[in-house]
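The values are calculated or read from the model by the stated rules, or taken from the named source; none is laboratory data. All figures in this text were calculated on a predicted structure; none of them were measured in a lab. Every residue, glycine as well, gets a Cβ built from its backbone with ideal geometry; the counts of neighbours run over all protein chains shown.
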Amino acid sequence: MQKINSNQLEATHRSSPKNKFGASIKEISVALGREDSSTDLMKRHPFDVAIVTLPPGKALCPYHVHATQWEFYHVLSGRGIVRDEQGETEVEPGDAFLFKPGEAHQVRNEGDTDFVYYVIADNPIGDHCYYPDSKKWIVLMPEKQLIRSAPLDYFDGEE
């Protein structure tokens, strides 16, 4: 059995160039040996687990929709806003929610304290996303590339 303790796991920090997007992420699956670029399912793992901490005023990523990926969320602390095709919903500790492939979504923190949640995704090989607000696509195989008619930066049209 392989074991890690998430309380001892170092978080990675991400932020966008203009600081609209940002989070600290504890990549639990990666700590357990997940190789996300591998096509070998024994190295890739069937799902990816992370603990995400969104500081006040931040979202992890822009509003987007996956073609083939499922995402499950479970709120640990703080309050957040979840945007989907029906509008916006406030979520709090204990709330769990799920996005199927084809369902646009975004999670953000508009509160005064950190918003912390688990996200579990199946990360299928060849998934791609569409960003409705900026009308762009991200193609994940064979390498990550954002496109309209030419390659784009990830945050183009978002900040």
Considering only residues that are touching a Pro at 6+ places or on another chain (Cβ under 8 Å) and crowded, with 20+ Cβ neighbours inside 10 Å, which ones fall in segment 70-88?
Val75, Gly78
Selected residue (criterion: modelled with the highest pLDDT) from residues of segment 18-43 that are part of a loop (DSSP other than H, G, I, E, B) and closer than 27 Å to Gln8 by Cβ
Leu32
Across (1) modelled with pLDDT under 95; (2) touching a helix residue (DSSP H, G or I) at 6+ places or on another chain (Cβ under 6 Å), Pro46 clears everything bar (2)
I'd like to know if segment 124-139 contains one or more residues that are without any contact (Cβ under 8 Å) to a residue 60 or more places away in the chain, assigned to a strand (DSSP E or B) and among the small types (Gly, Ala, Ser).
no
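Regarding segment 122-139, can at least one residue be identified that is more than 21 Å from Lys18 (Cα to Cα), in contact with a helix residue (DSSP H, G or I) (Cβ under 8 Å, 6 or more places away or on another chain) and among the β-branched types (Val, Ile, Thr)? Working first, answer last.
Here is the first cut: in segment 122-139, the residues more than 21 Å from Lys18 (Cα to Cα) are 122-130, 139.
Subsequent filtering for residues that are in contact with a helix residue (DSSP H, G or I) (Cβ under 8 Å, 6 or more places away or on another chain) retains 123, 125.
Among the residues that remain, those that are also among the β-branched types (Val, Ile, Thr) are: 125.
Scanning segment 122-139 turns up at least one residue that is more than 21 Å from Lys18 (Cα to Cα), in contact with a helix residue (DSSP H, G or I) (Cβ under 8 Å, 6 or more places away or on another chain) and among the β-branched types (Val, Ile, Thr).
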For segment 136-159, check the following and say yes or no: at least one residue is loosely packed, with under 12 Cβ neighbours inside 10 Å, at pLDDT 85 or above, of a type in the set (D, E, K, R) and out of contact with any Leu (no Cβ under 7 Å at 6 or more places or on another chain).
no
So how many residues does segment 45-60 have that are crowded, with 19+ Cβ neighbours inside 10 Å and part of a loop (DSSP other than H, G, I, E, B)?
2
